[in-house]
Amino acid sequence: MKKGLVLIVLFIAIGFGAYELGKQASPPPQKSERRVLYWQDPMVPGQRFDKPGKSPFMDMQLVPVYEDEQPAAGGVAIDPRMQQSLGMRTAEVTKERLAPTVEAVGSVGWNERDAAVVQARASGFIERLHVRAALDPVKKGQPLAELYVPDWVAAQEEYLSARRLKGTRLASLVDGARQRMRLAGMSEAQIRTVESTGKVQARLTITAPIDGVVAELGAREGMTVMPGAALFRINGLSSVWVNAELRESEAGAVRVGNEVEARTTALPGKVFKGSVSAILPEMTAATRTLKARVELANPDGELKPGMFATVNFTPAARAEVLAVPSEAVIQTGKRSVVIVAQAEGRFAPVEVETGIEANGRTEIRSGLEAGQKVVVSGQFLIDSEASLRAAEARMSPTVHKGTGKVRAVDAASGYIELEHDPIPSLQWPTMVMGFYAENKAELGALKEGDRVEFELDPKPNKDGAYILRRIRK
């Protein structure tokens, strides 16, 4: 009997020891840490602090506001089943490089920098024209016209006569005759021709200085020309200009040097590459457009002045920006709003500042952070519901109710000091505070130590204090 009793006591001791050892080895479960958003003084909830400490407004410690306590102002809660019924979709706010596509139309024109004007260098008569119509193509060095120049005849005969005379003192006379040929408008090549042949060259053959098209023809056979008269204007076609009409809102995205691609209906499938050579400093008042001068390579001469072309501009590379789908942005006149998806099926409208838009994405300059979720389908219903609830809240302000114990009272001045219990609507903990009563008569029946219930105004006054609207035992 004794032996069995000893064994029972031994087993109990071993079991108790194992239980105590297990308790020491297994630490108690820790509560998950709550994330603090900020600290605040409950009396001045509009002022936020990024670390704990003593309130600068009252003799009390700042109170933390946790993430799970943060109210969603103006937001709404939607059941997951209702979200599915409404077809609600969300998208993440991401960082990306937006390259807005700018497209404009314009007309092809001459490249004014690739032009040459052919003038008469001396008085004479046009005996023959080799190019008889405007827009005729010409090659560099091709004869354009032949002129008979009487002034050259006299200068050349004088020069040839001086060369026939013999004598060492006649060198200056020959040089003077050569100079008179230059003054008559003859080139060095023409003078050398006279020297080598020994014959008078009375006719001048005018040739094309560049390849291109005769844009202007000012010469006719038989007409008299004077020095400086414009006979031909030749424009090259190796490159052309397109004056593209840019909308005022798009002009800021285009810069000089941007690469472009141009297409025309006359040449389907053909793409011409070039760059922006200038943004003309003049706004067309009727269409509110700016002209961008685009220079296109035209090696085969396929682009003709007067053709219409569609130009696609490639803007310069931009830095990464926050972006959301354009359909997520609600334009409400002066404001831009997106609906942000929060925890536990809550949604709240957030005002944002938008930037450029490209390929169905809109830049967000302020109001959102990367990683947040925004609603892209059904957001108008949420925005309407949130606005309605916010309006109702403004029309029916909440009265803050509380209970506590009287610490001191002065009915004459209307002042009372209360040690109140926590007030959830204001997120106030238990503390001692003083209030002024709206109705001083209610304080006459109160004394120190009384338990009371009271109501405070929905909002503080201009001094930041809450007025005691009603109080009773």
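The values are calculated or read from the model by the stated rules, or taken from the named source; none is laboratory data. Not measured: the values here are computed from a predicted model. Neighbour counts run over all protein chains shown; Cβ positions are idealised from the backbone, glycine included. Heavy atoms of the whole protein, side chains included, go into the accessibility calculation; ligands, DNA and RNA do not. Shrake-Rupley method; radii C 1.70, N 1.55, O 1.52, S 1.80 Å.
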Legend entry - Accessible surface of region 265-370, 1.4 Å probe, proportion on carbon and sulfur as whole %: 51 percent
Legend entry - From phi via Karplus (6.51, -1.76, 1.60), per-residue ³J(HN,Hα) for region 281-297 in Hz, x at Gly/Pro: x, 8, 8, 6, 5, 5, 9, 6, 10, 10, 9, 9, 7, 10, 9, 10, 6
Legend entry - Residue list for region 295-324, given a label point 7 angstrom along the Cα-to-Cβ vector of Ser366 and an amide N cut-off under 12 Å: none
Inset, instruction - Keeping all protein chains in position, work out how much accessible area Met307 exposes to a 1.4 Å probe, and write it in Å² to the nearest 10. - result: 40 Å²
Legend entry - Where Asp175, Asp136 fall by accessible area, highest first, once all protein chains stay in place (1.4 Å): Asp175, Asp136
Legend entry - Added length on full extension, which subtracts the Cα-Cα distance from 0.36 nm per residue, Lys304 to Ile279: 6.8 nm
Legend entry - Residues whose placed amide H lies under 5 Å from that of Val102, excluding near-sequence neighbours: Phe313
Inset, instruction - Sort Thr430, Thr193 from largest to smallest accessible area, using a 1.4 Å probe on the heavy atoms of the protein chains. - result: Thr430, Thr193
Legend entry - Chain lengthening between Arg318 and Ser413 when straightened (0.36 nm per residue, less Cα-Cα): 27.6 nm
Inset, instruction - Please report, in whole Å, how far the alpha carbons of region 180-304 spread along each principal axis, starting with the longest. - result: 69, 34, 28
Legend entry - Cα-projected label distance for Arg288 with Val63, points at 7 Å along beta-carbon direction, nm: 5.2 nm
Legend entry - Phi-based couplings in Hz for region 149-162 (Karplus 6.51, -1.76, 1.60; Gly and Pro marked x): 10, x, 4, 6, 4, 5, 5, 6, 5, 4, 5, 5, 5, 5
Legend entry - Span per principal axis, largest first, for the Cα atoms of region 81-219 (Å): 119, 35, 20
Inset, instruction - Please identify which residues in region 298-329 have an amide N closer than 11 Å to a label point set 7 Å out from the Cα of Arg263, following the Cα→Cβ vector. - result: 310-312
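What does the charge count near Ile126 come to, summing +1 for each Lys or Arg and -1 for each Asp or Glu among other residues with Cβ under 13 Å from its Cβ?
Here the charged neighbours net out to +1.
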Inset, instruction - Express in Å², to the nearest 10, the accessible area of Tyr38 obtained by rolling a 1.4 Å probe over the protein heavy atoms while all chains stay in place. - result: 30 Å²
Inset, instruction - Using the Karplus curve 6.51 cos²θ - 1.76 cosθ + 1.60 with θ = phi - 60°, work out ³J(HN,Hα) for each residue of region 319-324 in order, rounded to whole Hz, and write x for Gly and Pro. - result: 6, 5, 9, 6, 9, 9
Legend entry - Of Lys54/Lys401; Lys401/Lys459; Lys291/Lys334, those spanning more than 20 Å from alpha-carbon to alpha-carbon: Lys54/Lys401; Lys291/Lys334
Legend entry - Asn439 versus Thr197: modelled label distance in nm, points set 7 Å from Cα along the beta carbon direction: 12.6 nm
Inset, instruction - Taking H placed 1.01 Å from N in the peptide plane, check which residues at least 5 places from Arg470 or on another chain put their amide H under 5 Å from its amide H. - result: Glu455
Inset, instruction - Mind giving me the nanometre distance, one decimal, between the label points for Ser425 and Glu448, set 7 Å out from Cα along Cα→Cβ? - result: 3.1 nm
Inset, instruction - Rounded, prolate or oblate: pick one for region 174-241, where a ≥ b ≥ c are the square roots of the eigenvalues of its C-alpha gyration tensor, a/c under 1.5 means rounded, and failing that, prolate if a/b is larger than b/c, else oblate. - result: prolate
